[in-house]
1. Which semi-axes, in whole Å and largest first, does the equivalent ellipsoid of region 91-149 have when worked out from the alpha carbon gyration tensor as the square roots of 5 times its eigenvalues?
2. Which of the aspartates and glutamates could be linked to Lys116 by a straight reach, that is with a Cα gap under 20 Å, when you skip same-chain ones fewer than 8 residues away?
3. Using a Debye calculation, one point per C-alpha and no hydration shell, please list log10 I(q)/I(0) for region 37-113 at q = 0.12, 0.18, 0.20 Å⁻¹ in order.
4. Neighbouring Cβ atoms within 10 Å as the yardstick, rank Ile65, Ile90, Ile34 fewest first.
5. Bin all alpha-carbon pair distances of the chain at 5 Å intervals from 0 and give each bin's fraction as a whole percent.
6. Using a 10 Å cut-off around each Cβ, can you sort Leu10, Leu168, Leu75 from fewest to most neighbouring Cβ atoms?
Amino acid sequence: MTSKLFVNSLEPMQGNTINVAGSDTVLYAPGHIIQVVTYKDTSTALFGTTSASYVTNGDMPAATITPKFSNSKILIQAMIGMQSDQTGQIENTIYRTTGGVATDLSGGNTYGLAFKGVGTGTFWAECSISWSDNPNTTNAVEYKWYSRSETAANIYPIHVGTSVSMTLMEVAQ
């Protein structure tokens, strides 16, 4: 015999999940945070490049999350401290890697997801990226910061002594 339950609203007594009795099923309310992964480093070393193509290294912000649901959105918040002694700008993006395949989240945008620069002289600046992604998987997903020089001049995507961070939040749909 099959039973059906029709309701207009279910609300948890506490928190943002509803457990289904007799099973391992958990219901998450759309818009709620399912999990949070954080990476931060307060003792970064100087990282410089003249590359006009996106590059990264082990000190750049990176974090890996394994979504619980394939339709979840991942909210990315990342921050880095940078310097340039040249004319031009530092262009930045986030790459998503799943199953060995890396994808530039800017879609090949000319200036990436965020950029900082000056017409002449030196600048030091904090740069941040906030982005929402739909990886459409329940496999591990790595997000990593990449930078490049607009004019192939010497840039420092990480200035020595600055902090870097990345926070990933899985949002239920």
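1. 27, 10, 9
2. Asp59, Asp85, Glu91, Asp104, Glu126, Glu150
3. Normalising to I(0) and taking log10 leaves -0.42, -0.93, -1.13.
4. On the way: Ile65 20, Ile90 26, Ile34 17.
Ascending number of Cβ neighbours within 10 Å: Ile34, Ile65, Ile90.
5. Bin by bin from 0 Å, the calculated values are 1, 8, 15, 17, 15, 12, 9, 7, 5, 4, 3, 2, 1, 0, 0, 0.
6. Details: Leu10 9, Leu168 22, Leu75 16.
Result, fewest neighbours first: Leu10, Leu75, Leu168.
FYI, it's all coordinate maths here, none of it is from the lab. On a predicted model such as this, the values are computed, not experimentally measured, just so you know. Counting neighbours? That spans all protein chains shown, and the Cβs are built from the backbone with ideal geometry, glycine included.
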